[in-house]
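Participant: Okay, handing you the structure first.
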Number of protein chains: 2
Amino acid sequence: MTDTKTRILDTALNLFNRAGERNVTTNHIAEGLGISPGNLYYHYRNKAAIVAALFERYQEQIRDLLTVPEGPLTWQDKMRYFEGILESMWQARFLHRDLAHFLHQDAELRRRYKVFVQDSLERGLVIYRSLRDSGLIEASDEELRGLLVNTWVLAASWPGFTHGLNPDATGDEALDRTLLRQGIYQIICLEAPYLRGEALDHLDAMKQEFRTGDTTMDLLFAAAEAPPARRA
Amino acid sequence: MTDTKTRILDTALNLFNRAGERNVTTNHIAEGLGISPGNLYYHYRNKAAIVAALFERYQEQIRDLLTVPEGPLTWQDKMRYFEGILESMWQARFLHRDLAHFLHQDAELRRRYKVFVQDSLERGLVIYRSLRDSGLIEASDEELRGLLVNTWVLAASWPGFTHGLNPDATGDEALDRTLLRQGIYQIICLEAPYLRGEALDHLDAMKQEFRTGDTTMDLLFAAAEAPPARRA
DNA sequence: TGACTCCTAGAGTAATTACTCTAAAAATCG
DNA sequence: CGATTTTTAGAGTAATTACTCTAGGAGTCA
């Protein structure tokens with residue numbers, strides 16, 4: 001069995017995602033994996049240390065995913081990476097949800113987070129430029145920067161946004177995946193105007209693949225307005 | 001003097017924005033405007049009631065701002081409305097920051113929020129369509145929907161995002177305004193690819209007006225990478 | 001002035017919760 | 001096996017904090 005230290009992290013992550021860090025006590029975590037509170041505090045100095053450890057784990061994942069091998073990128077490559085990143089962000093969604101509070105409490109975390117964002121954006125810019133070199137997108141450096149920031153904020157905020165709209169189905173794995181896919185669709189929308197060549201050819205298919213109309217869009221755009229003309 | 005009830009709201013809003021709702025006790029609020037805790041509880045049943053009242057006030061503001069008069073819109077008109085909306089979202093930034101928690105706790109709030117988002121997106125769609133009719137933007141209904149959702153999420157998340165990157169200067173009014181303006185810039189970036197006609201003519205000027213390069217972009221993109229070529 | 005309602009004060013309480021402490025079991029090692 | 005270190009248990013504590021309760025001031029209207 002994996003060691004207690006990482007089992008604590010896994011359990012905490014689950015509970016945090018489900019109920020929000022604020023609503024999960026250290027006793028809950030201990031109870032959640034069948035150990036005593038004292039035991040938990042033997043492994044982690046305090047609750048903040050657990051959060052910090054989860055944060056570290058998350059950062060490493062993202063950093064790895066944003067490390068792209070040499071050579072020209074295909075559009076499929078890029079989408080594959082992208083799904084991984086969104087997936088990681090999704091798995092640690094409680095972090096972004098309660099980020100403001102963590103950063104408010106912990107100056108060291110603040111410093112590290114700032115570096116993390118800067119580093120991620122730089123790596124993202126490298127990727128986008130590589131895509132531009134491959135003729136898959138067309139945009140100025142300035143446009144790329146704007147796009148990148150928007151992509152980042154959207155990706156980081158999407159889990160919290162959708163969870164707010166549909167918090168009833170807590171732990172519904174299928175719905176979760178649907179909402180995650182819709183998030184990818186939204187980011188495709190973000191990039192769509194800049195796509196060229198092969199990427200443009202796949203755009204419609206991509207949109208088709210990730211749009212989850214009936215679940216999410218109908219959640220957002222209620223039936224009140226005129227339907228998309230076709231469905232009638 | 002304004003009545004105690006709204007003074008409580010104003011004080012609470014300030015403190016919540018500054019420190020996060022979680023870190024502001026009812027005693028803090030009372031102390032903040034020089035009344036007793038008991039007095040506060042005479043006016044509001046509990047802390048959640050204060051949040052709910054602020055939420056209500058915020059929703060009304062946004063709803064009003066998204067109610068656009070008849071007739072064709074100019075691009076300037078639209079930007080004017082937009083600034084107002086962003087401003088309102090900024091003033092109630094603690095709400096979006098801690099939204100997940102509030103929605104988690106209160107089923108009624110959840111219902112109202114969902115309706116609010118749907119209503120806002122519908123109103124936004126009306127505005128975008130009107131801009132399309134005026135020849136200021138060109139996009140399919142589907143593209144408009146995607147754009148709209150992204151705009152909403154970005155606008156709602158921007159305050160929390162920037163605050164996370166620079167939480168040291170709490171209450172620095174000048175910096176706050178700068179970050180708000182950068183948020184508008186980001187949304188311009190979002191819309192830019194769809195602009196046509198008169199809107200396109202003003203695009204560069206708009207970007208110029210709202211970009212706050214030295215403060216924010218340098219906050220995001222550290223000096224590590226090659227500078228934008230021009231500045232050297 | 002007197003009665004009545006609205007508003008205010010502030011000490012006090014009950015419950016939550018992060019965290020501590022002691023001691024014992026389990027594992028590791030010579 | 002004996003000694004030492006690592007891991008576990010779980011009862012207990014101190015502090016925070018949302019909220020209550022009683023009692024008194026301040027307008028208002030007859």
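Every read-out reported here was derived from the displayed coordinates using simple, explicitly stated rules and does not represent laboratory data. Because the structure is a prediction, the values reported are computed rather than measured. Heads up, the Cβs are rebuilt from the backbone with ideal geometry, glycines too, and the neighbour counts pull from every protein chain shown.
Participant: For label points placed 7 Å from Cα toward Cβ, what is the shortest-first list of nm distances from B:G38 to its copies?
Facilitator: 4.4
Participant: Right, next: In peptide B:145-158, what is the residue-averaged number of other protein chain Cβ atoms found within 10 Å of each Cβ?
Facilitator: 6
Participant: Shortest first and in nm with one decimal, please list how far the B:P72 label point sits from its counterparts in the other copies (point 7 Å along Cα→Cβ).
Facilitator: Result, one decimal in nm: 4.6.
Participant: Let me ask something additional. Shortest first, in nm, what separates the label point of A:V115 from those of the same position in the other copies (7 Å along Cα→Cβ)?
Facilitator: 4.9
Participant: What are the equivalent ellipsoid semi-axes of segment A:1-130, built from the alpha-carbon gyration tensor (square roots of five times its eigenvalues), in whole angstrom, biggest first?
Facilitator: Computed over segment A:1-130, the values are 32, 16, 12 Å.
Participant: Looking at segment A:1-44, what % of the alpha carbon pairs are farther apart than 15 Å?
Facilitator: Distances greater than 15 Å cover 33 percent of the Cα pairs.
Participant: Cα convex hull of the protein assembly as shown: how many Å³ per residue?
Facilitator: 173 Å³
Participant: Using helices alone, what [θ] at 222 nm do you get for chain B, with -39,500 (n - 2.57) per DSSP H run of 4 or more residues, divided over all residues and rounded to the nearest 500?
Facilitator: Calculated from helices alone, the mean residue ellipticity at 222 nm is -23000 deg cm²/dmol.
Participant: Excluding B:S88 itself, what net charge comes from residues whose Cβ is under 12 Å from its Cβ, given Lys and Arg +1 and Asp and Glu -1?
Facilitator: Around B:S88, the charge tally is -1.
Participant: Which helices, taking whole DSSP H runs in chain B, have alpha carbons extending 30 angstrom or more along the helix axis plus mean Kyte-Doolittle at least -0.5?
Facilitator: B:141-165
Participant: Give me the percent relative contact order of chain A, please, defined on Cα pairs under 8 angstrom at least 6 residues apart.
Facilitator: 18 percent
Participant: Remind me, what semi-axes does segment B:116-217 give for its equivalent ellipsoid, largest first in whole Å, using sqrt of 5 times each Cα gyration tensor eigenvalue?
Facilitator: 27, 18, 9
Participant: Next question. What average count of beta carbons from other chains do you get within 10 Å of the Cβ of residues in B:190-197?
Facilitator: Averaged over the peptide's residues, the number is 3.
Participant: Taking only Cα atoms of segment A:47-220, what ratio of Rg to Rh do you get with Rh as the Kirkwood inverse-distance radius?
Facilitator: Radius of gyration relative to Kirkwood radius: 0.97.
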